[in-house]
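The values are calculated or read from the model by the stated rules, or taken from the named source; none is laboratory data. As the structure is a computational prediction, the values presented were derived from the model and not from experiment. Cβ atoms come from the backbone with ideal geometry, glycine included; neighbour counts cover every protein chain shown.
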Amino acid sequence: MVKSIADVPNQKECIKSGLLPNGLLTTKEKWSYGLGDLSSNLVWGFIGSYLLYFYTDVALIPVAATGTLFLVARVLDAFIDPVIGGFVDRTNTKMGRTIPYMRYAIIPLAAVLILTFSYVDTGTAGKLIYAYITYIVVGIVYSVVNVPYGSLMTLMTRNSAEKAKLASLRVAGAAIGSIAITALAMPLVNLLGNGNKRVGFMLTAAVFGVIGIIGFEIVARNCKERYLEMPKVGQTSTQRPKVSFLSTYKSVIKNRAWVTTVIFALLLFIRIGIIVAITIYFAIYVLKSPALISVLLPLLYVGQLISTLFSAQVIGKLGHRKANIIANIGFIVSYLILPFTEHIIPLFIAVYLIGNVIGAISAASVFGMNADAVDYNEWKFGQRSEGTLYAGYSFATKVGMAIGSAVAGYALTWIGYSAAHITPSVVSGLNVLYFAIPLVLTVLMLITTLFYNLDDKHAQIVEDLNARSKEQEK
């Protein structure tokens, strides 16, 4: 296994390390990489899908306070993620640049997940303080795992088609993890807690945490770092030129493709956050069927899983910009139809699934967009900065989900939601939250994707980078 840049004196050795001709990856390595997002989503998916419910209905924290909590905690990631990304960019160990973070930080992440879903009987103020501490800490530790994991893709291959496949497998892993969360979380809570949800949530968090540890160990063992910034002949990895944080940030801000990707990801995950948070209330009070919670939430991720069967091919043929235009238009059409099918549940489910399948092309595309932006950054500015660039994407996803959850929390208060008294105006308000807000966000995503400009340039960028590598070997 290639352990560090010091072990790879030239690009030929990179190929010997397990990379197939033309930058292709082995099936084992690709599937191992996808397993990382499955593991991540057992943690973050559990938080995103059930933490609001845990706070309001199990810990009994006021709903308005949770909205502020979600927003404040994730805004702090604006400072944490770039710092972690900067550390990743400057890490050189015998184990590699990204692997040590994934292998060792996943253990405390599992522990903090358990604490996050633990009930403390300390009064409203005490519970809120505890919630702030655990939610902020779990976000920080999650970044220590996920920023290096996301950066790893750019170190594995420069082949754009292979990156699209890795992105699809990430989405597949995330979808499987999320399906497992939405389908199994509440049954596990009831089973392990024996009717006591406070105990059940804590033990369920422990189960998902342990599985996450195993998953990231597989990623660490099977995925190889190849495309690190090569030292000049005679230099060791520790002599690699140092680049200041300020210089790194100046370059990435000038990277149009990356800025577009981050904005696109932010809007995408705000949309996901709102849909996930409101689905529970929508199923109960609009569709009048609590049982549909266990249908609609898993179908959100089933759509992503189905999409992975063809998204890499669509992106490879059309490019990221055109693929995202199709994805967003398909989602808009489906969400315009859905309100008229609420009284025909089978039709509602079918349209809902189709919209999610088409819309999920964006979930795969955004990973590839970010990875290609790393290549552009190296080509244009001489710095790969994969950690910093992925940190921006990671920040966007977490803040997006948090904003979505916060908007959901504030909006529930705005429409006058009270579990003890559901009025017709509340039902109408839930319809607006569930359909109108995601539609507006998707229109903004459609506009944003028009600014992505690497589809026609990336092949030449990779060719130039490979030529530079060969020059360094001489």
Only one of 337, 403, 358, 354 that is part of a helix (DSSP H, G or I), farther than 18 Å from residue 149 by Cβ, of a type in the set (Val, Ile, Thr) and in contact with a Leu (Cβ under 7 Å, 6 or more places away or on another chain): 403
Looking at the structure I just gave you, is residue 145 out of contact with any Asp or Glu (no Cβ under 7 Å at 6 or more places or on another chain), crowded, with 24+ Cβ neighbours inside 10 Å and within 30 Å of residue 24 (Cα to Cα)? yes
Within the range 96-138, of all residues that are under 24 Å from residue 386 (Cα atoms) and not in a helix (DSSP H, G or I), the one nearest to the chain's Cα centre (by Cα) is 98
Can you name the residue in the range 434-468 that is polar (S, T, N, Q) and either in contact with a His (Cβ under 6 Å, 6 or more places away or on another chain) or surrounded by fewer than 17 Cβ atoms within 10 Å (Cβ to Cβ) (or both) and is also modelled with the lowest pLDDT among such residues? 466
Going by the conditions given, is residue 416 free of Cβ contacts under 8 Å to residues at least 40 places away in the same chain, farther than 15 Å from residue 262 by Cβ and surrounded by 16 or more Cβ atoms within 10 Å (Cβ to Cβ)? no
Given (1) crowded, with 24+ Cβ neighbours inside 10 Å; (2) more than 14 Å from the chain's Cα centre (by Cα); (3) at pLDDT 90 or above, where does residue 181 come up short, assuming only one miss? (3)
For residue 285, indicate whether it is among the hydroxyl-bearing types (Ser, Thr, Tyr) and modelled with pLDDT under 90. no
Please find, among 327, 323, 291, the residue that is assigned to a helix (DSSP H, G or I) and either among the acidic types (Asp, Glu) or at pLDDT below 90 (or both). 291
Is at least one residue of the range 156-163 in a helix (DSSP H, G or I) and touching a strand residue (DSSP E or B) at 6+ places or on another chain (Cβ under 7 Å)? yes
Among the residues of the range 308-359, the number that are over 20 Å from the mean Cα position of the chain (by Cα), of a type in the set (Gly, Ala, Ser) and within 22 Å of residue 161 (Cα to Cα) is 2
What are the residue pairs meeting all of these: first residue in the range 278-289, first residue under 11 Å from residue 426 (Cβ atoms), second residue at pLDDT 90 or above and not in a helix (DSSP H, G or I), Cβ atoms under 9 Å, and 6 or more apart or on different chains? 286/342
Kindly evaluate residue 249 against the criterion of being at pLDDT below 90, part of a helix (DSSP H, G or I) and either within 24 Å of residue 378 (Cβ to Cβ) or among the acidic types (Asp, Glu) (or both). yes
Of everything in the range 28-52 that's modelled with pLDDT of 85 or more and hydroxyl-bearing (Ser, Thr, Tyr), which residue is surrounded by the most Cβ atoms within 10 Å (Cβ to Cβ)? 39
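Which of the residues spanning the range 50-95 are polar (S, T, N, Q) and part of a loop (DSSP other than H, G, I, E, B)?
Residues satisfying the conditions are 91, 92.
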Would you confirm, using the coordinates I've provided, whether residue 357 is buried (at least 21 other Cβ atoms within 10 Å of the Cβ) and over 30 Å from residue 85 (Cβ atoms)? yes
Residue, farthest from residue 267 (Cα to Cα), within the range 324-346, restricted to residues that are in contact (Cβ under 8 Å) with a residue 24 or more places away in the chain and out of contact with any Gly (no Cβ under 9 Å at 6 or more places or on another chain): 345
With the checklist (1) at pLDDT 80 or above; (2) within 30 Å of residue 386 (Cβ to Cβ) in hand, flag the one item residue 58 doesn't pass. (2)
On the basis of being in contact (Cβ under 8 Å) with a residue 24 or more places away in the chain, of a type in the set (Ser, Thr, Tyr) and more than 15 Å from residue 442 (Cβ to Cβ), does residue 385 make the cut? yes
